[in-house]
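Here's the structure we're looking at; comments come further down.
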Amino acid sequence: MRKIFPLTQEGRHRDRVLEAVKHEIRKYLKRERRRDLPEGVDFLDFDCRLGATKEAAGVVHLSALIAQLDALAREGAEQAYVEILAKPGVRKSRTEADRDHPAQSSDAPDDTAPDAEKSTD
């Protein structure tokens, strides 16, 4: 999806127009996630860009897209350029280094939580 959304519309409150834009974005994401995945793909990942214009659009993480859209609207922008491109995602297996967490290692103390009954006199 590559689209320029107007954030103002004559006869409609600015907040309702913004909510309609958010609804369309969420509807697009939901529709894309329902598609059948190709062979060897575990999930769909999305590359997102957002800005007042296509040239000014910056890379935004999908989880921050709506919040950045709200911020853009608060700044008083008249339009918003939104680009969401689906790409295949493959889960990576965790390596042994990723699994070695201090709370899970054998040399970590068993009682790491502070005890309320102990006094520090």
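Table for the structure above
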item: Residues being in contact with a Leu (Cβ under 8 Å, 6 or more places away or on another chain) and not in a loop (DSSP other than H, G, I, E, B) - total across the stretch 63-84; result: 12
item: Long-range neighbours under 9 Å by Cβ, at least six apart or interchain, first residue in contact (Cβ under 8 Å) with a residue 60 or more places away in the chain and buried (at least 17 other Cβ atoms within 10 Å of the Cβ) within the stretch 68-81, second acidic (Asp, Glu) and in a helix (DSSP H, G or I); result: ALA73/ASP15
item: Qualifying residue in the stretch 39-51 (condition: part of a helix (DSSP H, G or I) and in contact with a Leu (Cβ under 7 Å, 6 or more places away or on another chain)); result: no
item: Test for GLY40: is it touching a strand residue (DSSP E or B) at 6+ places or on another chain (Cβ under 9 Å) and under 18 Å from TYR81 (Cβ atoms); result: no
item: First in the stretch 1-25 and free of Cβ contacts under 8 Å to residues at least 24 places away in the same chain and more than 15 Å from ILE66 (Cβ to Cβ), second anywhere and surrounded by 11 or more Cβ atoms within 10 Å (Cβ to Cβ) and of a type in the set (A, V, I, L, M), Cβ under 7 Å, 6 or more apart; result: GLN9/VAL17
item: Residue in the stretch 20-38 that is part of a loop (DSSP other than H, G, I, E, B) and at pLDDT 95 or above present; result: no
item: Any hit, the stretch 1-13, residues being part of a helix (DSSP H, G or I) and modelled with pLDDT of 95 or more; result: no
item: Within the stretch 16-30, tally of residues that are loosely packed, with under 15 Cβ neighbours inside 10 Å and under 21 Å from SER63 (Cα atoms); result: 7
item: Failed item, numbered, when GLU55 is tested on (1) charged (D, E, K, R); (2) assigned to a loop (DSSP other than H, G, I, E, B); (3) modelled with pLDDT under 95; result: (3)
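The values are calculated or read from the model by the stated rules, or taken from the named source; none is laboratory data. Everything numeric in this text was worked out from a predicted model, so none of it was measured. Neighbour counts run over all protein chains shown; Cβ positions are idealised from the backbone, glycine included.
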